[in-house]
């Protein structure tokens with residue numbers, strides 16, 4: 001039985017970084033198609049035919065298109081269960097695992113955008129994410145309970161969150177609180193994270209070659 005073809009449309013300076021980490025962790029063959037922002041490659045008719053929003057990550061698996069970070073995370077971890085990166089459907093941690101994946105897209109990202117662009121908070125009664133401070137407090141409380149989001153074992157949710165928190169702490173959007181820094185150090189030590197970082201460093205050099213002496 002042959003492994004279905006996986007293609008990740010990717011730029012190392014985008015949200016697709018988490019998808020690459022997960023693919024490395026799964027240990028399955030995949031192809032990367034570099035999408036150069038400076039060259040306008042997210043706005044070409046060919047790419048918009050695949051993802052009309054012109055956004056990354058975009059994954060094509062055996063002809064099926066999967067977009068959105070959380071959907072790609074759930075899809076890949078469930079599709080390749082041998083890696084053990086997602087709790088089984090009947091596992092007690094399955095619900096919390098899905099909760100924190102959904103929390104990333106439904107609460108963390110919109111609260112972050114509000115904070116980064118200095119938008120006035122909307123009425124908490126109407127905001128699904130309530131507000132930035134509450135989101136960060138909720139995340140910190142969860143990270144304080146165990147080494148990883150849903151216990152002492154790393155899951156695909158940690159690869160998503162670890163990638164997102166690395167970027168957002170570097171840009172000062174999320175505070176470098178001790179519990180967050182310690183969590184990032186644990187995730188950064190995972191072999192797939194190290195491999196993906198090396199591969200993406202090579203891609204970044206391809207996009208931005210060093211200046212001639």
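Read-outs: derived from the displayed coordinates by stated rules, not from any lab. Everything numeric here is computed off the predicted structure, so don't read it as measured data. FYI the Cβ positions are ideal-geometry reconstructions off the backbone, even for glycines, and counts take in every protein chain you see.
A compact table of results
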| quantity | calculated |
| --- | --- |
| Sequence of 176, 33 once ranked by neighbouring C-beta atoms within 10 Å, starting from the fewest | 176, 33 |
| Whether the stretch 58-115 is rounded, prolate or oblate, judged on the alpha carbon gyration tensor where a/c under 1.5 counts as rounded | oblate |
| Simple label model, 7 Å out from Cα along Cβ direction - residue 206 to residue 102, nm | 3.7 |
| Sequence-separation-based contact order of the chain, relative, with Cα cut under 8 Å and 6+ spacing, percent | 22 |
| CD proxy at 222 nm, helix term only [per DSSP H run n ≥ 4: -39500 (n - 2.57); per residue of the chain; nearest 500] | -14500 deg cm²/dmol |
| Computed lengthening from residue 185 to residue 39, 0.36 nm per intervening residue step minus Cα-Cα distance | 49.1 nm |
| 132, 30 arranged by Cβ crowding within 10 Å, fewest neighbours leading | 30, 132 |
| Length-normalised contact order of the stretch 1-59 in % [C-alpha pairs under 8 Å, at least 6 apart] | 45 |
| Cα centroid separation, the stretch 163-213 to the stretch 91-147 (Å) | 21 |
